Amino acid sequence: MSFPLYAPAEEHLMLRETVRALADEKIAPHAATVDETGEFPWDAYKALVASELHAVHIPEQYGGAGADALAAVIVIEEVARACASSSLIPAVNKLGTVPLLLSASEELKQRYLAPVARGEGMFSYALSEPEAGSDAAAMKTRAVKDGDHYVLNGTKMWITNAGVSEFYTVMAVTDPEAGARGISAFVVEKADEGVSFGAKERKLGIKGSPTRQVIFENVRIPADRMIGEEGTGFKTALATLDHTRITIAAQALGIAQGALDYAIGYVKERKQFGKPIAEFQGLQFMIADMAMKLEAARQLTYAAAAKSELAMHGERVADLTFFSSAAKCAASDAAMDITTDAVQLLGGYGYTRDYPVERMMRDAKITQIYEGTNQIQRMVMARQLLK
Ligand code: CAA
């Protein structure tokens, strides 16, 4: 088997062209409205499903496209370049299903990955709680065994695409005495009795992607919905993030690329002092720095994606955790810098909703926070280096 290492292969370049064309035609035109109204981008979902781009990572044996980790990165990047909210469709489908790919029984994979691949439902990931954010192992949601069922009670918070997803990977405590080793992972369906959702959070950005609490009140699910063995849920959750923090890096790259492309077009058109402002060296240096930071983060992200792909195929990749955190951290910090500079390059216009860069700057901010704050990423990297 051969894997693309640091450089995209011909098929990756073609994939990028395909996704860019689709995103320019069907996703970008709605991005401002999605941001204004906070409505879920169903048009983007339909367009992605029609082109089998909504969950490209799902292996062929479960009806998916079987694309590698770099291909998933490229899809997310190109969708995010047009609309960050829409890029959470492929990203969160991956986040929700990687726990199954890593740890679930074959039967559970068949049952739940196939409908996602067919576009019949999305899959969210429920780890965080009101009092367990960075300290994820401090969760309180309980799953109590009752015959051949488990009964779940508790509240998850900050759950991306909650309410629009049909399926949820839920981490819950099965043994309160055992700390992180007393946490297990389950598949919960939106349709399960006792599942409800909190109000939509009122956010700075990614407004088209609902972020809500998921509340479990005596939710009784069959024991065979457990992902992996009892007590392995926290490890599965963290191992998942080793793969999916790379998709957040991809989202950050896409948002930043969108802002850079827009700013370059603008500075070539906008005239002051009798000439296009692109002719001023002060702005040229800003553009150069933006592109340099973006490309450095992209190379790190692609290297991380290559490692993720190897690990998904069972190879031991000792530095995946480091690379995943480093890519997420570097790309999201770069995206915040680049989008902020894009607003600066557009001056007063950049600060208004008549231009897309202020939206991109607001959307970029979340990439420094979710799937682990960048402070947590730095802690994870340091632990890897010092252990
Ligand atoms: N892979 C597999 N197992 C791992 C692991 C990894 N990368 N890292 C740690 N573990 C294992 C450890 O070996 C340990 O198991 P043993 O006791 O059997 O050895 C167990 O997990 C606990 O590890 P730690 O003691 O290191 O755990 P900790 O409590 O100190 O915290 C942490 C670790 C890195 C801080 C972790 O809690 C963390 O990443 N926090 C951030 C949470 C986060 O990223 N949340 C994001 C929510 S999802 C989201 O945002 C999605 C969205 O909306 C889009």
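Coordinate-derived values only; no laboratory data. What you see is a predicted model; the values in this text were computed from it and never measured. Note that each Cβ is placed from the backbone with ideal geometry, even for glycine, and that neighbours are counted across all protein chains shown.
Per-residue extension of 0.36 nm, minus the Cα-Cα distance of Leu204 and Glu60, leaves a gain of 48.1 nm for this segment.
Sorting the segments 41-52, 123-134 by their residues' average number of neighbouring beta-carbon atoms within 10 angstrom, most packed first, yields 123-134, 41-52. Potential lengthening of the chain between Ala296 and Asp135 amounts to 54.9 nm, from the contour at 0.36 nm per residue minus the alpha-carbon distance.
For Asp363, Asp24, Asp35, the sequence from fewest to most other C-beta atoms within 10 Å is Asp24, Asp35, Asp363. May I ask which residue of Thr33, His54, Gly282 lies farthest towards the positive end of the charge dipole of the chain, with charges of +1 (Lys, Arg) and -1 (Asp, Glu) on Cβ and the Cα centre as origin? Ranked along the dipole, the leading option is Gly282. Multiplying the residue separation of Asp24 and Ala9 by 0.36 nm and subtracting their alpha-carbon distance yields 3.1 nm.
Taking 7 Å steps out from each Cα toward its Cβ at Arg378 and Asp354 produces label points 3.9 nm apart.
Cross-link partners for Lys307 among the lysines, with Cα-Cα distance under 16 Å and sequence neighbours closer than 8 places in the same chain left out: Lys328. Considering only DSSP beta bridges whose two residues both sit in the chain, what percent are antiparallel, to the nearest 5? Bridges in the chain are about 85 percent antiparallel.
Per the Kirkwood definition applied to all pairs of different Cα atoms, how many angstroms is the hydrodynamic radius of the chain?
Numbers: mean 1/r = 0.0473 Å⁻¹.
Radius from the Kirkwood sum: 21.1 Å.
Here Lys293, Lys145, Lys387, Lys156 are placed in order of increasing Cβ neighbour count within 10 Å, fewest first, which gives Lys387, Lys145, Lys293, Lys156. Once you reduce the stretch 58-95 and the stretch 180-227 to the center of their Cα atoms, the two points are 21 Å from each other.
How would Val380, Val19 line up from fewest to most surrounding beta-carbon atoms within 10 angstrom? Could you put the intermediate results ahead of the total?
Values: Val380 22, Val19 26.
Fewest to most other Cβ atoms nearby, the residues stand as Val380, Val19.
Residue pairs exceeding 21 angstrom between C-alpha atoms, taken from Lys46/Lys207; Lys109/Lys190; Lys207/Lys268; Lys94/Lys156; Lys156/Lys190: Lys207/Lys268. Counting only Cβ charges, +1 for Lys and Arg and -1 for Asp and Glu, the dipole size of the chain around its Cα centre is about 820 debye.
In this structure, Leu385 and Glu17 have a Cβ-Cβ separation that, at R0 = 35 Å, corresponds to a calculated FRET efficiency of about 0.35.
Going by a ≥ b ≥ c, the root eigenvalues of the Cα gyration tensor, does the stretch 242-387 fall in the rounded group (a/c under 1.5), the prolate group (a/b larger than b/c) or the oblate group?
Values: a/c = 2.82, a/b = 2.45, b/c = 1.15.
The shape class here is prolate.
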